[in-house]
Amino acid sequence: MYTILHDQDEIIIRFEKDLVDDETLSRFLNHINLQSMLKKSDGDDASAHNWTACLPTGLILLRDPTLSKGSAFTRGEREALGLAGLLPPRVHTLDEQVRRILENLRKQSTDIERYVYLLALQDRNRTLFYRVLLDNIEELMPIVYTPTVGQVCFQFGHIFRRPSGIYITARDRGRIAELLGNWPNKDVQVIVITDGERILGMGDLGADGMGVPMGKLALYTVCAGIHPSLTLPVTLDMGTDNARLLNDPLYIGLQHPRIRGDLYDEMIEEFILAVQQVFPGCIIQFEDFANRNASRLIQQYRDQICCFNDDIQGTAAVTMAAIFSALRITGGALKDQRFLFLGAGEAALDTGELLVLALVAEGLSPKEARRCCWYFDSKGLVVKGRADLSGHKRLYAHDHSPVADFHEAVQALGPQAIIGVSGQPRQFTPEILETMARINDRPIIFSLSNPTSKFECTAEEAYTWTSGQAIFASGTPFAPVVTQGRTFYPSQGNNVYIFPGVGLGVMASGAAQVTDEMFLAAARAVSRNVSEEDLQNGRVYPPLSRIRQVSLDVAAAVAEQAYAGGLATKPLPGDLVEFIRGLMFEPVYRSYI
Ligand code: NAD
């Protein structure tokens, strides 16, 4: 099927036309890390072979992060690939290299230093970088993603080393396709884009927000095995209103106030069209856009192209997963629950919409379904007759007398679950938690506001004031809690349970759109991965150490949904799960000779 030729500077692998289809070839090259080296020659007369992949040799190979194995190149490879003498004599295994990285990583004194160390490793040896992350995900997730990535973005310009991804500014109007075309990999299948206006609860960080798409895409690879060469981080730099950055000589973005209005919308539209042109079928994940843009952009584009907003749809799905798990503990039916949200903003209402979808799937009408969801915002309980209600919120304004105090609302409504998404700290007081435990054998208490300073209550408070009965989930990580003679393992509702698997499922099926039904299927798949033992230990999410399996199940559920909904563009494989498993990149070294 293929021949390997040795040239002076590179190894050329030629694939006989007609003997291998594009998809098989792509998967093969994925496995030997050569995806990015792939070149296709058009037309039958161009050559006897329509695909070639070139493997560089010598120092170029050693310095190529996608191909390098560092000290793990075998003796045979060193001889064949012009590496003899360029490496210390001892050949190490991948596991030994992982040990060395961990030893050095743990010696760093701050998490930011650990992040910078890992970034340097990513620039040096991708396989080792992803192996280290995958094998140590519980320890390293807080470094490559929240909370450290937040601190990283806060000082991104000051720790900037090497560019990664594409930066688009208003000056690039009319040539976004050209910029995307400058990216060396031509088969990009997942883009994460931010405009940096609402970075991880820290607000407007402008172009410094690039750390977020970079971090999210690293998680696509670690958690769902999407090959790094298929991913592209993008920052849309429309300026910043952050005075600190406007005056910082080391800031990496454009130092002018944010451009809004028509020009902003035109830039987004041009970007969307350019992606369709340069990377057709690519998934676009919108990330950390300000509320004012996030909802309207996703509403505008979700039915036109393959896109989603993780802050909106991912968050709602991850909360739904915890609700499904909690109901496995209480044994209650979804339709018999009353959910009382503290906060009626984007996070709360989007979760409500997914809840309604799940309830409608159980046979309720949308109106009946909405009656299961109650909201309490800064002005009190959301009830019919309140003059200040607008848009979506009005759909959830039920018949009830006004209530101004959240504890009173809990007493009046007797909810099975309270879900905190107000961004206001310490709102779940001991009295409220005690009341929840009086009303329910197993009260559902979700304290989802973040960052850490904003949670509604701690895990310890939730377990202590409900005598260990609370089913608890949070938006920030909490250490295990020992109380009532038991150890509880609080779960963090991390979107990483959802978006990498969704991306993989969409990619595998070639889904033309990403629907709410797919997110609901993803939520159910996450909950199915919570074992009985996990539930007994207080977990409503599976441990992160099982994230690859979770992502595979999420991907299969999403792809099934795509086929069932007529949105898939790829033929249905005989064994969907095995097909998707085969697409997953494993960070291991393959022999080059
Ligand atoms: P938002 O600004 O859209 O909504 C905030 C809501 O809280 C508004 O309805 C507001 O009226 C209400 N509110 C404010 N003060 C209140 C008070 N004292 N009592 C009751 N309600 C009050 O914000 P959002 O995007 O919905 O995010 C809200 C919070 O949820 C943030 O802390 C965010 O970080 C968090 N969040 C968490 C996750 C997660 O998965 N953990 C995901 C998304 C958002």
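The values are calculated or read from the model by the stated rules, or taken from the named source; none is laboratory data. Quick caveat, the model's predicted, so the values are computed rather than measured. Ideal geometry is used to build each Cβ from the backbone, glycine not excepted, and the neighbour counts take in all protein chains shown.
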*Quick one: is GLN300 in contact with a helix residue (DSSP H, G or I) (Cβ under 6 Å, 6 or more places away or on another chain) and without any contact (Cβ under 8 Å) to a residue 40 or more places away in the chain?*
no
*Looking only at residues in region 445-475 that are in contact (Cβ under 8 Å) with a residue 60 or more places away in the chain and charged (D, E, K, R), which one is farthest from ILE418 (Cα to Cα)?*
LYS454
*Somewhere in region 365-388, is a residue within 16 Å of the ligand (Cβ to nearest atom) and within 17 Å of the chain's Cα centre (by Cα)?*
no
_Looking only at helices (runs of 4 or more DSSP H) that lie completely in region 240-338, which have at least 1 residues being touching a strand residue (DSSP E or B) at 6+ places or on another chain (Cβ under 7 Å) and closer than 21 Å to LEU200 by Cβ?_
291-301, 315-330
*Please specify each residue of region 122-152 satisfying the condition of being under 25 Å from TYR497 (Cα atoms) and more than 17 Å from the chain's Cα centre (by Cα).*
GLN122, ARG126, THR127, LEU128, PHE129, ARG131, VAL132, ASP135, ASN136, GLU139, GLN151, VAL152
*Out of (1) surrounded by fewer than 22 Cβ atoms within 10 Å (Cβ to Cβ); (2) touching a strand residue (DSSP E or B) at 6+ places or on another chain (Cβ under 9 Å); (3) polar (S, T, N, Q), the odd one out for THR351 is which?*
(1)
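Conditions tested, residue by residue: (1) within 24 Å of the chain's Cα centre (by Cα); (2) closer than 27 Å to GLY505 by Cα; (3) within 15 Å of the ligand (Cβ to nearest atom).
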position	(1), (2), (3)
ASP288	yes, yes, yes
ARG296	yes, yes, yes
ARG302	yes, yes, no
PHE308	yes, yes, yes
ALA317	yes, yes, yes
ILE323	yes, yes, yes
ILE329	no, no, no
ALA333	no, no, no
GLN337	no, no, no
*Residue among LEU357, LEU349 that is assigned to a helix (DSSP H, G or I), farther than 18 Å from SER449 by Cβ and not hydroxyl-bearing (Ser, Thr, Tyr)*: LEU357
*Is it true that GLN484 is more than 16 Å from the ligand (Cβ to nearest atom), at pLDDT below 95 and either crowded, with 22+ Cβ neighbours inside 10 Å or not small (Gly, Ala, Ser) (or both)?*
yes
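Whether any residue in region 183-196 is in a loop (DSSP other than H, G, I, E, B) and hydroxyl-bearing (Ser, Thr, Tyr) is what I want to check.
no
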*Do the conditions hold for ALA344, that is, is it part of a loop (DSSP other than H, G, I, E, B), within 16 Å of the ligand (Cβ to nearest atom) and either of a type in the set (Gly, Ala, Ser) or buried (at least 20 other Cβ atoms within 10 Å of the Cβ) (or both)?*
yes
